[in-house]
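These notes are about the structure you will find just below.
What follows is calculated from the coordinates using simple rules that are stated; it is not laboratory data. It should be emphasised that the depicted structure is a prediction, and the values quoted were computed from it without experimental measurement. For neighbour counting, all protein chains shown are included, and Cβ atoms are generated from backbone atoms with ideal geometry for every residue, glycine included.
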Amino acid sequence: MAVTLKDVALKAGVSRSAVSRTFTQGASVSATMRRRVEKAAQELGYSPNALASSLTTGRTKLIGMVSNNFHNPIFLEVFDRFTRGLQDRGLRPLLVNLSEEAGPEASVRMLRQYSVDGVIVASSTLPPDFSLAFRDASIPVVHAFGRTGGGAGAHVVGIDNVAAGRLAASTLIDRGYRNIAFLGGPESATSTQDRLAGFREETAKYSDIHVSTTFATAYSFEAGRAAMAGLLQHPPAEAYFCGDDVVSIGALSAIQDSAYNCPADIGLIGLNDMEMAGWNNINLTTIRQPLAQIVNSSIELMLATLEDPDRFPEARVFSCEVVDRGTLRRK
C-alpha cells in the first residue's frame, strides 16, 4: 500500500500537520523538525501528493501549454524545451492541442476546469486577442512566438517578424537574385503577414527587383510541397523566402522531384533553423530564431507573473541571424 502522510508522522513522532508544513513551500517549520520528517519520509519512500498540496497552497503548479500547429516539427523542439524548463522549476505542463479550434473560448473553459496557475500560448499564427482571452479570464498568460509589435495587452516573447522578412529579402538581393518570391504560410497568420510586410518593405528599395507572392495552406511539409509543385508548372522565380523551415523543406522536395536543381536553378531560404534544417540531405539556408532564449524568457516571465499577476504587459523581442548552408548560391 502507498505510504501516507500519517505513516510519516508516526515514524517521525510528530503531528500530521508538521509533516504537511514540511512539504508545503513557504510554510513555517523548524530546521530540526524538517530533518526528522524528511528522514522518516526517505526511509519510508514517501512522496507528497501534489494534488493534495494544491488544496493547502491554492496553487496547482499546472501551466497550460497551448498550441495549434502540431504538424510543424519545430514544435517538438519547442515543447521539449518548455516541458523540461517548467519541470526544472517545479511546475507541471498541461499540453492543449488547438489544431481544430478557431477561438479561445473552449481552451479557457478547459484550463479553468483544471485550475491551472497560468497559460503559455506557444504559437506564431494565433492572433494577439487569443492571449487576451486568458488575461480577461484572470489567468496569467504569456504568448511565446507571438506578435511583438503594436502594444499587446498581454506578455509576449518572440522575434520581430517584420525585421526577419527584411533580412530574408536583403540576403537574397545580396546574393544577386533579382526575380525573387515570398512563399509564406497561411495568409491569415500574423507571422506570415509580418514576414511578408518586411520582405516587401526591403524589396521596395530596389527598382530592378521583381517580387511575387504565394501562400501555403499551412506551416507544414505537405503544404510547402504542394505550393511549390504548383509554382513549378510555370517558370519559377530565381529564389524564394519560404517564411518557415518546414514549408521550405516541402518546397525543396518538390524541386528535387522536378527538372530543376536547388540552388543552381532555384534558391531557398527558410526561417527557424529547426534541427532538421541542418541535416546533410536538407542543408537548408535559413534565418535562425533563438528558440532557447525565447522559451527560457517565456518561462521567466510566467514565473514573475505568477508572483505579481498585475505586472504590466511586457514584450521581449529577440534578434535573428542567417545560417548559411547549401540552398542559396554563394556571393
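For Lys11, a cut-off of 27 angstrom between C-alpha atoms picks up these lysines, skipping any fewer than 8 places away in its own chain: Lys39.
Listed from fewest to most Cβ neighbours within 10 Å, the set Met228, Met65, Met33, Met302 follows the order Met33, Met65, Met302, Met228.
Of the GluC sites (Glu not before Pro) found in the range 92-179, the ones in coil according to DSSP and having at most 16 other Cβ atoms within 10 Å of their Cβ are Glu100, Glu101. A straight Cα-to-Cα reach below 14 Å connects Lys61 with the aspartates and glutamates Asp88, Asp117, Glu307, residues fewer than 8 places away in its own chain not being considered. Which FRET efficiency value, to the nearest 0.05, is calculated for Glu43 and Glu105 with the Förster distance at 35 angstrom and r the Cβ-Cβ distance? My answer for the efficiency is 0.10. Note on the range 161-289: along the principal axes its Cα atoms extend 34, 27, 25 Å, ordered by decreasing extent.
Contour minus end-to-end for Glu321 and Leu306, with contour as 0.36 nm per residue of separation and end-to-end as the Cα-Cα distance?
That pair, Glu321 and Leu306, stretches by 2.2 nm at full extension.
Across all directions, the average flat footprint of the convex hull enclosing the Cα atoms of the chain is 20.5 nm². Among Thr24, Thr203, a tally of other beta-carbon atoms within 10 Å of each Cβ gives an order, fewest to most, of Thr24, Thr203. Could you tell me how many degrees, from 0 to 90 and to the nearest 10, lie between the Cα long axis of helix 31-44 and the main elongation axis, the longest principal axis, of the Cα atoms of the chain? Computed tilt is about 80 degrees.
Our helix-only sum for the chain, with -39,500 (n - 2.57) per DSSP H run of n ≥ 4 divided by its residues, gives a mean residue ellipticity at 222 nm of -13000 deg cm²/dmol.
Any chance you could check the Cα centroid distance between the range 114-137 and the range 149-202 for me, in angstrom? Using only Cα atoms to place each centre, the spacing works out to 24 Å. Distance between the pseudo-spin-label points of Ser207 and Ala264 (7 Å out from Cα toward the beta carbon): 3.6 nm.
Highest mobility in the GNM of the chain, judged by mean-square fluctuation with C-alpha springs under 10 Å and restricted to Arg195, Arg16, Arg166, is found for Arg16. A Förster radius of 25 Å combined with the Cβ-Cβ distance from Thr32 to Ala137 puts the calculated FRET efficiency at roughly 0.05. Ordering Ser188, Ser319 from the fewest to the most neighbouring beta carbons within 10 Å gives Ser188, Ser319.
Relative to the first principal axis of the alpha-carbon coordinates of the chain, what is the inclination of helix 221-231, with its axis defined by its Cα atoms, in degrees from 0 to 90 and to the nearest 10? Here the helix axis deviates by roughly 10 degrees.
When N counts the residues of the range 204-262, how does its alpha-carbon radius of gyration compare numerically with 2.2 N^0.38 Å, as a ratio? Compared with the compact-globule rule of thumb, the range 204-262 sits at 1.13. Model label sites at Gln113 and Arg92, defined 7 Å from Cα along the beta-carbon direction, differ in position by 1.7 nm.
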